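Read-outs: derived from the displayed coordinates by stated rules, not from any lab. A quick note: this is a predicted structure, and the numbers were derived from the prediction, not measured. For neighbour counting, all protein chains shown are included, and Cβ atoms are generated from backbone atoms with ideal geometry for every residue, glycine included.
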Amino acid sequence: MTTANIETLKTPFYDYHLKLGAKMVDFAGFKMPIQYKGIRAEHLAVRKNVGLFDLSHMGEFQVSGKDALQFLQKTTTNNVASLADCDIQYTCMTKEDGGIVDDLLLYKMPSRYMLIVNASNIEKDFNWLNSQISGDVRLRDISPDTALLAIQGPKAQKVLSEITAFDLDSMKYYSWALTEIGGQELLFSRTGYTGEDGFEIYIHPDQADKAWDAVTDAGDKHGMEFIGLAARDSLRLEMKMALYGNDIDETTTPVEAGLSWIVDFDKDFIGKGVLLKQKEEKPKRRLVSLELTGKAFPRKGYDIIIDNEVAGVVTSGTVSPSLDKPIALGYVPRSHAKIGSEVFISIRDKLFPAKVVKPPFYKNASHK
């Protein structure tokens with residue numbers, strides 16, 4: 001079964017968000033906290049100290065069966081066979097035309113795999129994967145049985161070390177383990193969507209209250225703040241981490257989006273032929289990082305102007321809280337994708353100069 005967004009759902013931590021005064025919004029079928037104290041304050045709390053996110057809206061699938069590896073090699077672009085138990089891989093799924101179905105995390109477990117997919121794509125991804133099954137493959141949507149908390153920031157390890165005896169110093173980035181938190185064994189990973197060091201903890205809804213108490217009590221000792229989805233978006237944008245539905249979707253390819261590093265052309269997968277040709281011939285457009293001058297606030301959908309003509313569009317934009325300058329992502333012709341290239345962004349009928357810069361925008365993140 002899949003999680004159908006027939007009604008707006010609440011995460012197991014919904015009541016806690018209300019007590020904390022969070023501004024709640026409808027997002028991907030859930031009532032989610034968009035902010036607590038304010039986007040800038042929350043953003044900087046993660047960059048300078050540590051923050052806690054409720055990410056229970058994300059989707060989780062379980063893939064098992066003797067043909068699971070072959071199935072995932074076909075349906076995802078990265079090399080699943082390279083993973084050892086406890087490894088995590090960033091990857092994506094592509095259609096025959098190379099368009100991105102979704103980007104996701106893939107967890108290698110002793111007898112199965114776990115996929116973490118975007119909240120807005122749960123049903124679509126499940127149906128697409130299900131349509132590709134052949135052989136002994138079992139696909140299960142475990143999203144309703146999975147809550148998720150993320151601890152992110154330079155002091156994330158200090159917070160987690162308060163509630164687990166696990167040797168966190170030995171834990172590499174993009175790996176997972178089991179540990180006891182709040183008197184229960186939970187799966188956690190050293191991953192995140194902020195660029196900072198951090199951990200994500202997977203929790204059954206029945207265990208949510210104990211996990212919340214353990215994490216927040218530990219966080220209190222280190223000044224941990226509660227962080228909404230708005231700051232999560234500005235944090236990932238500063239790191240040029242793609243957001244599905246903005247920077248990537250079924251009309252864009254990993255090659256265009258600068259994600260060739262998660263595409264293994266030495267294996268066969270859906271869409272390989274198109275992507276290989278595009279890589280060899282060079283894509284006509286590229287997703288680039290843009291820094292603007294002036295008092296601009298770039299937003300998704302704003303036109304990118306080259307030689308007085310619309311040549312692209314902003315896919316994500318904000319005024320960077322860390323850098324105090326306007327930044328954006330957008331697709332531009334290959335001719336203007338090189339570092340240092342100059343374009344203009346049209347904002348309310350006014351043109352603001354912008355320059356292509358080397359990502360990420362924020363250079364001092366703490367992730368390992």
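The calculated P(r) of the stretch 89-188, using every Cα pair and 10 Å bins from 0, goes 11, 39, 31, 16, 3 in percent. Ranked by how many other Cβ atoms sit within 10 Å of their own Cβ, fewest first, the residues Met24, Met241 fall in the order Met24, Met241.
Stokes-Einstein diffusion of the stretch 214-348 at 4 °C, 1.567 mPa s viscosity, Kirkwood radius from Cα pairs, rounded to a whole number: 77 µm²/s. Taking a Cβ cut-off of under 15 Å around Arg232, the surrounding Lys, Arg, Asp and Glu residues balance to a net charge of -2, with basic ones at +1 and acidic ones at -1.
Measuring nothing but how far apart in sequence close Cα pairs (under 8 Å, 6+ apart) lie, relative to its length, the chain scores a relative contact order of 18 percent. State the percent of C-alpha pairs, over all pairs in the stretch 284-359, separated by a distance greater than 16 angstrom. Tail of P(r) above 16 Å: 37 percent of Cα pairs. Each of [x] 5, 20, 24, 20, 17, 11, 4, 0, 0; [y] 5, 23, 32, 27, 11, 1, 0; [z] 6, 26, 37, 25, 7, 0 is a candidate for P(r) over Cα pairs in 10 Å bins from 0, in percent; the one calculated from this structure is [y]. Segment Thr8..Phe265, full-extension length gain: 88.5 nm, with 0.36 nm per residue of separation and the alpha-carbon distance subtracted.
Using the Kirkwood radius over Cα pairs, work out the Stokes-Einstein diffusion coefficient for the stretch 60-138 at 4 °C and 1.567 mPa s, in µm²/s as a whole number.
Result for D is 104 µm²/s.
Just so you know, the Rg over Rh for the stretch 132-269 is 1.02, from Cα atoms, with Rh as the Kirkwood radius. Ordering Leu235, Leu287 from the fewest to the most neighbouring beta carbons within 10 Å gives Leu287, Leu235. Tally Lys/Arg at +1 and Asp/Glu at -1 over every other residue whose Cβ is under 10 Å from the Cβ of Ile122; what's the total? Computed value for this residue: -4. For His367, His43, the sequence from fewest to most other C-beta atoms within 10 Å is His367, His43. Radius of gyration (Cα atoms) of the stretch 18-174, expressed as a multiple of 2.2 N^0.38 Å: 1.18.
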